[in-house]
1. Other chains' Cβ within 10 Å of B:24-35 residues: what's the mean?
2. Hey, which residue of A has the C-beta nearest the axis mapping A onto B, and what's the distance in Å?
3. May I have the convex hull volume per residue, in Å³, for the Cα set of the range A:46-126?
4. Working from Cα positions, state the angle (0 to 90°, nearest 10) between the long axis of helix B:97-113 and the longest principal axis of chain B.
5. Taking a point 7 Å out from Cα toward Cβ as the label site, list the nm distances between residue B:52 and the same residue in every other copy, smallest first.
6. Using only Cα atoms, locate the centre of the range A:23-102 and the centre of the range B:49-91, then give the distance between them in Å, rounded to an integer.
7. Can you give the mean number of other chain Cβ atoms that lie within 10 Å of the Cβ atoms in peptide A:203-211?
8. Find every distance from the label point of residue A:110 to the corresponding label point in the other copies (7 Å from Cα along Cα→Cβ) and write them in nm, one decimal, shortest first.
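Just so it is clear, none of the values below were taken in a lab; they were calculated from the coordinates. Keep in mind that what you see is a predicted model, and the values were worked out from it rather than measured. A quick note on method: Cβ atoms are made from the backbone with ideal geometry, for glycine too, and the neighbour counts reach across all protein chains shown.
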DNA sequence: CACAGAATGGAATCACCACTCCAGAAAGGG
DNA sequence: CCCTTTCTGGAGTGGTGATTCCATTCTGTG
């Protein structure tokens, strides 16, 4: 989704120019670090674990990154790419209730397939790093902003087409959807059960559907009032 | 809310009987540890920080707790008490839309008052410890279960009174509300702005209101269809 | 008030882990 | 194909932080 992968500057200590081989090594380090840090946690991941998983020597890591925090920043950015990619292609076309419901099914299935262990890659990094410095927090906020944008664009399209009532706010609904997903996954992770995330997403989607101008009798409200 | 504060057994290494003075010291340790671990994070909180903040000597901590994980478990339980207490008395009577909206205002104000820094005490512990062992995860799940119960009871009361439609599910709505709050706070923490948590909570509360049997023209739907 | 168990101080230990150093191999541009 | 720059291996090392030990002082009870 994002060829440059992460930083534009100042994240690496490495020389300005990276050899083809160097780029590959750097990518392997970020990839391995991301896997480990996301599966368990950042604090518990030692540089030596990364070293082994990436198949590099100790000095490599410090050849490409200033220090551990710099590596963590690269991991956050990479995690954002992973999360957004994992939701494609459906995330790019969230402009109908059917697409939104399909997206919901997709993310629920994603969690189910990993036995509800591990949270959202970006969300679990956020929980651990939110108060560990402004640079990490900014990186995380930027990641979520990209995600929110994807959600908002679909809702905005529906809004502009007149499929959502004029008084509906795509921005607010996108935020609510993202929050419902994050909170839902957290509870799902703790209970090892998808019920919380299903409840959270369905409730928010039902709300969105109730703001739909579509005359179809699909909402609970409509069914009730009929 | 909970006099015994946390464990019933096996959390302490301390002798079966605690002196009055011993109880006070133990409480001071848990209290200091909780403050530090919640404000920043668990991994970054050293036993020596706790020692200093609690005004005890190093051996005290190990007199009362097996090891750091055991202390962390006690902190989780204590954090649950703190969170639930901070929402009283409104949390105990969430049996009307007015009460729910008041609760929403209360938790938003709570975040605003701390400049949106730091997440939910229980939520941030959860994000950091969810994959750090089953005992911690169980303790966290238990904490959220207590919270969810409080929310569900209010909604169940409304349901039984007939203020919510028969097809509304208090259990599901309580879960959705808790998830919206957790996800909303996480995003709010990252952005240092209450907008995400307001969006998440309002959207979920609007959904609940739309499941209300109250004839009053208070919902957006009602206003629109009028 | 004696004494057994509990509480305390603080120095010492001990493992662990991020990070450094240096020497040598590969890359790639002119 | 030479020479500069980048890449790599791997053995340190310095600091940190969890945990222990033991001597000493309190507490509460019979």
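1. The mean count of partner-chain Cβ atoms within 10 Å per residue comes to 0.
2. A:127, 1
3. 119 Å³
4. 40 degrees
5. Those separations, rounded to one decimal, come out as 3.4 nm.
6. 33 Å
7. 6
8. From this label point to the equivalent ones elsewhere in the assembly: 2.9 nm.
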